[in-house]
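Below is one structure, written out as structure tokens, with a few remarks after it.
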Amino acid sequence: DTGVSQNPRHKITKRGQNVTFRCDPISEHNRLYWYRQTLGQGPEFLTYFQNEAQLEKSRLLSDRFSAERPKGSFSTLEIQRTEQGDSAMYLCASSKQLMRAGSYTDTQYFGPGTRLTVL
Amino acid sequence: GESVGLHLPTLSVQEGDNSIINCAYSNSASDYFIWYKQESGKGPQFIIDIRSNMDKRQGQRVTVLLNKTVKHLSLQIAATQPGDSAVYFCAGPLTGGTSYGKLTFGQGTILTVHP
């Protein structure tokens, strides 16, 4: 399977603990995105990388959140001092700009997500 | 502010019927839209996309229509099957041009297909 992969798929932790999630994008995709999704809502953007550069961060990304993509391939999302409000599905997506019919497209393909539960 | 939203939160159809899922957006600068299907416990799955220089695009059993005048797009699923049951999201980038970044998602429409 050459799709986006995420690990772990599920994480249960106690409030105050640190957690780290990993995302492996589709090979050769230069962009990588992190989203958060709560029950009954659409995904909300957190941050994205182009190669190893972090280009944008959402206001949702508090100081307790940090994301890295050190070699422009896989990425990690760390949450420090977790709170119950951090419980959500954390989704990763990747993309590569392609020229199609004279215009660029940048379709994002999502991984299966990491379900975080903070007790 | 800019948003991408959906008219109906739920849609129930009989197997074999055609389904239409609607989406309204407010940012006239949005020039690229994607429809995703999300099954329970899974990540969103790409279905079809459309650029604003097109009014219609067809895929396998799916058609997306874009009406820029009223800032509305729809996803039509032909001969709906039980396996089509899922939540459907439309999404779009806030920034136009050739550099796309974050997507804004609508709330989603729950499609239920009855055998």
Fill in the blank from the handout: Selection over segment A:15-34 where residues are of a type outside the set (A, V, I, L, M), at negative phi and part of a loop (DSSP other than H, G, I, E, B) yields a count of 7
Problem - Contacts under 9 angstrom Cβ, first residue in segment A:1-24 being within 13 Å of chain B (Cβ to nearest Cβ) and exposed (fewer than 13 other Cβ atoms within 10 Å of the Cβ), partner hydrophobic (A, V, I, L, M, F, W, C) and not in a strand (DSSP E or B), 6 or more apart - result: none
Completion exercise
When segment A:1-47 is checked residue by residue, the ones that are touching a Cys at 6+ places or on another chain (Cβ under 8 Å) and of a type in the set (Asp, Glu) are none
Handout entry: Lone qualifier among B:Ser52, B:Ser30, B:Ser74 - being under 26 Å from A:Arg36 (Cβ atoms) and small (Gly, Ala, Ser)
Key = B:Ser30
Practice task
Among the numbered conditions (1) modelled with pLDDT of 95 or more; (2) touching a Phe, Trp or Tyr at 6+ places or on another chain (Cβ under 9 Å), tell me where B:Leu65 comes up short.
Solution key: (2)
Practice task
Filter segment A:58-95 down to residues that are among the charged types (D, E, K, R) and at pLDDT 90 or above and give me whichever is surrounded by the fewest Cβ atoms within 10 Å (Cβ to Cβ).
Solution key: A:Asp63
Practice task
Looking only at segment B:51-63, decide whether some residue is small (Gly, Ala, Ser) and within 11 Å of another protein chain (Cβ to nearest Cβ).
Solution key: yes
Exercise for the section: Would you check which residues across segment B:83-115 are within 19 Å of B:Pro9 (Cα to Cα), outside any strand (DSSP E or B) and modelled with pLDDT under 95 and list them? Expected result: B:Gly106, B:Gln107, B:Gly108
Exercise for the section: Give B:Tyr25, B:Tyr36 a once-over and let me know the one that is hydroxyl-bearing (Ser, Thr, Tyr), buried (at least 17 other Cβ atoms within 10 Å of the Cβ) and within 11 Å of another protein chain (Cβ to nearest Cβ). Expected result: B:Tyr36
Practice task
Sort out for me the strands (runs of 3 or more DSSP E) sitting completely within segment A:35-119 that have 3 or more residues that are without any contact (Cβ under 8 Å) to a residue 60 or more places away in the chain, under 14 Å from the mean Cα position of the chain (by Cα) and within 12 Å of chain B (Cβ to nearest Cβ).
Solution key: A:44-50, A:53-57
Exercise for the section: Would you be able to say whether some residue in segment B:3-15 is touching an Asp or Glu at 6+ places or on another chain (Cβ under 7 Å) and either of a type in the set (Val, Ile, Thr) or at pLDDT 90 or above (or both)? Expected result: no
Problem - Verdict on B:Thr109 being surrounded by 21 or more Cβ atoms within 10 Å (Cβ to Cβ), over 27 Å from A:Leu32 (Cβ atoms) and within 11 Å of chain A (Cβ to nearest Cβ) - result: yes
Exercise for the section: Tell me, yes or no, whether segment A:33-50 has at least one residue that is surrounded by 21 or more Cβ atoms within 10 Å (Cβ to Cβ), of a type in the set (Phe, Trp, Tyr) and farther than 11 Å from A:Cys92 by Cβ. Expected result: yes
Exercise for the section: Please name all residue pairs, on different chains or six or more residues apart, with Cβ atoms under 9 Å, provided the first residue is in segment B:46-57 and is under 21 Å from A:Ser95 (Cα atoms) and among the aromatic types (Phe, Trp, Tyr) and the second residue is at pLDDT 90 or above and in a strand (DSSP E or B). Expected result: B:Phe46/A:Tyr109; B:Phe46/A:Phe110; B:Phe46/B:Ile34; B:Phe46/B:Trp35; B:Phe46/B:Tyr36; B:Phe46/B:Lys37
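The values are calculated or read from the model by the stated rules, or taken from the named source; none is laboratory data. What you are looking at is a predicted structure, and each value in this text was computed from that prediction instead of being measured. Cβ sites come from the backbone with ideal geometry, for glycine too, and all protein chains shown count toward neighbours.
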